[in-house]
Amino acid sequence: MTDTAPPCRALVLFGATGDLAKRMLWPSLYALHCDGLLPEPFQLIGAAKSALDHGTWVERVRESILSSANAKLFDEATFAAFSGRLAYVSVDVQSAESVAAIKSALKPADGAQDGAHQGGVIFYLSTGPQLFGPIALALNAAGLVDTRSRIVIEKPIGTDARTANEVNSAIGSAFAENQVFRIDHYLGKEAVQNLLALRFANAIFEPLWNANAIEQVQISVSESVGVDGRWPFYDSTGALRDMVQSHLLQLLCLVAMEPPASFTPSAVRNEKVKVLWSLRPITAANAATHTVRGQYTAGHSAGEPAKGYLEETGARPASDTETFVAVKAEIDNWRWAGVPFYLRTGKRMTRRSSEIAIQFKAAPYNIFAGIGATLSPNTLLIKLQPEEMITLTLMHKKPGMNEVKLAEVPLNLSVGEAFETSRRRIAYERMLLDVLRDNSALFLRRDEIEAAWQWVDGIIAGWKEAGLAPKPYSAGTWGPSAAIALAERNGHSWHE
């Protein structure tokens, strides 16, 4: 993070009319404006292929805000000031000449002389990943990139290690690594950031945060929805590439990383990539015992009939793309040797939920066994969505006079209740603010991306070599029964 760098003067959003921009990015930028966190002056330039006049464009941004979680922040006077920042440029991102038209929309920063444009420009690529490289090269060819520029790109970055390297190399030919911000919006969630505070700001946990005290770790991200009209895109990706390679491995890194020397981008990301390098490879030899692939069939979701994956609109009948994956990951280092990390994600599951369950080892001896009392191991549950909560289960004596009966009792920290006066923010608000502040601690570095893909590529190759097809599971369930066996082989059960 560079406090001495001149403030940014503009953000150019490619894919400005797309779904992500409408649902998340414009509402997040409006919220930052409301909080006084955008520099003055600071332009917001939408760039997309559609031809739109200024009035139409401003109205579209207004509609985006009013249909979002930040609608309660809206008022006409504030939006009028916000709309003064807005501009729109119709561009063909494959053409450097067309991209160069952005220059005419950019205003010089205050204090700039002789036409100089002081202060960096942020280029946010909310487009298909196949356009990341061409846009970066077009920006460079148009003379829009300098040492103060920053570029933000969304996942997926490639579809394997080779294509990720190609994308990173294309971007790297125009932008230095410290100018590249690769977003995983999960890292912008308050509960995810609180995981760092939980670990490194509380002395009671760190002595127990290792294989001596922890029995297992589970990281689950379940979705109750299906592919929602995105069948062609999803079928070319699948659950492993879409979720495990990005969100779940990032959560694993935050749980498993060593304490960084400081909360600086380099220190944090150095420790995260060490975790990825320490993941034990999964190949054809152990893919059947360490992974489960699944694909949802017809069933019921939220009390309504739900189609199977192969019955969705646009489906290809013989597809073997997985909509569910469970993995037993192992980290070969001193802190975590012998501790299984169970990763699980899927569509059309019982409910929408993201959580991390850390189960500690059982007490070494039960002094209450003689009176028939049993002990359950303590579990630290970190819920990320839909609610944000941290729960630590402890054994407690039930009230009574005649005998000792024990029960699990949760100690709950509800983020909503503890900070009820604080507004619940869209994760992108934090990520965009960090880009403005040139703080890349919660963004992915190139070697992180490529290390994650290398591990995932090994799983995909193992599936192919071993001929492991997806196992069916009914919509509205927790996935294939084989996922239960994956944990039970080690004497464990999934948290739900």
Condition set more than 30 Å from the chain's Cα centre (by Cα) and within 16 Å of residue 28 (Cα to Cα), scope segment 45-79, selection most open to solvent (accessible area, probe 1.4 Å): answer is 75
Sort out which residues of segment 341-378 are modelled with pLDDT under 90 and either touching a Gly at 6+ places or on another chain (Cβ under 8 Å) or under 23 Å from residue 252 (Cα atoms) (or both), and write them in order of number. 362, 377, 378
Here are the criteria: (1) free of Cβ contacts under 8 Å to residues at least 40 places away in the same chain; (2) open to solvent by less than 50 Å² (accessible area, probe 1.4 Å); (3) out of contact with any helix residue (DSSP H, G or I) (no Cβ under 7 Å at 6 or more places or on another chain). Tell me which single one residue 36 does not satisfy. (2)
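Which is touching a residue at least 24 places away in the same chain (Cβ under 8 Å) and touching a Gly at 6+ places or on another chain (Cβ under 7 Å), of 246, 222, 236? Reasoning before the result, please.
On the way: 246 fails: touching a Gly at 6+ places or on another chain (Cβ under 7 Å); 236 fails: touching a Gly at 6+ places or on another chain (Cβ under 7 Å).
Of 246, 222, 236, the one residue that is touching a residue at least 24 places away in the same chain (Cβ under 8 Å) and touching a Gly at 6+ places or on another chain (Cβ under 7 Å) is 222.
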Can you tell me how many residues in segment 321-337 are within 21 Å of residue 292 (Cα to Cα) and either among the basic types (Lys, Arg) or at pLDDT below 95 (or both)? 1
Out of (1) outside any loop (DSSP other than H, G, I, E, B); (2) surrounded by fewer than 23 Cβ atoms within 10 Å (Cβ to Cβ), what's the single condition that is false for residue 13? (2)
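Residues are listed down the side, and each one gets a yes or a no for (1) under 14 Å from residue 430 (Cβ atoms); (2) in contact (Cβ under 8 Å) with a residue 60 or more places away in the chain:
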position: 169; (1), (2): no, no
position: 172; (1), (2): no, yes
position: 181; (1), (2): yes, yes
position: 184; (1), (2): yes, yes
position: 192; (1), (2): yes, yes
position: 199; (1), (2): no, yes
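Kindly evaluate residue 432 against the criterion of being in contact (Cβ under 8 Å) with a residue 40 or more places away in the chain, assigned to a loop (DSSP other than H, G, I, E, B), surrounded by 22 or more Cβ atoms within 10 Å (Cβ to Cβ) and not acidic (Asp, Glu). Walk me through it before giving the result.
Numbers: in contact (Cβ under 8 Å) with a residue 40 or more places away in the chain: yes; assigned to a loop (DSSP other than H, G, I, E, B): no; surrounded by 22 or more Cβ atoms within 10 Å (Cβ to Cβ): yes; not acidic (Asp, Glu): yes.
Criteria not met by residue 432.
Can you tell me how many residues within segment 452-476 are among the hydroxyl-bearing types (Ser, Thr, Tyr) and open to solvent by less than 50 Å² (accessible area, probe 1.4 Å)? Quick ask: steps written out before the conclusion?
Kept after step one, since they are among the hydroxyl-bearing types (Ser, Thr, Tyr), are these residues of segment 452-476: 473-474.
Going one step further and asking which of them are open to solvent by less than 50 Å² (accessible area, probe 1.4 Å), we end up with 473.
Matching residues across segment 452-476 total 1.
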Residue in segment 176-198 that is least open to solvent (accessible area, probe 1.4 Å), counting only those that are assigned to a loop (DSSP other than H, G, I, E, B) and under 19 Å from residue 248 (Cα atoms): 184
Just for strands (runs of 3 or more DSSP E) wholly inside segment 199-313: which have at least 2 residues that are at pLDDT 95 or above and within 19 Å of the chain's Cα centre (by Cα)? 214-222
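The values are calculated or read from the model by the stated rules, or taken from the named source; none is laboratory data. Computed from a predicted model, the values in this text were never measured in an experiment. Neighbour counts run over all protein chains shown; Cβ positions are idealised from the backbone, glycine included. We work out accessible area using only protein heavy atoms, side chains counted, and drop any ligands, DNA or RNA first. Shrake-Rupley method; radii C 1.70, N 1.55, O 1.52, S 1.80 Å.
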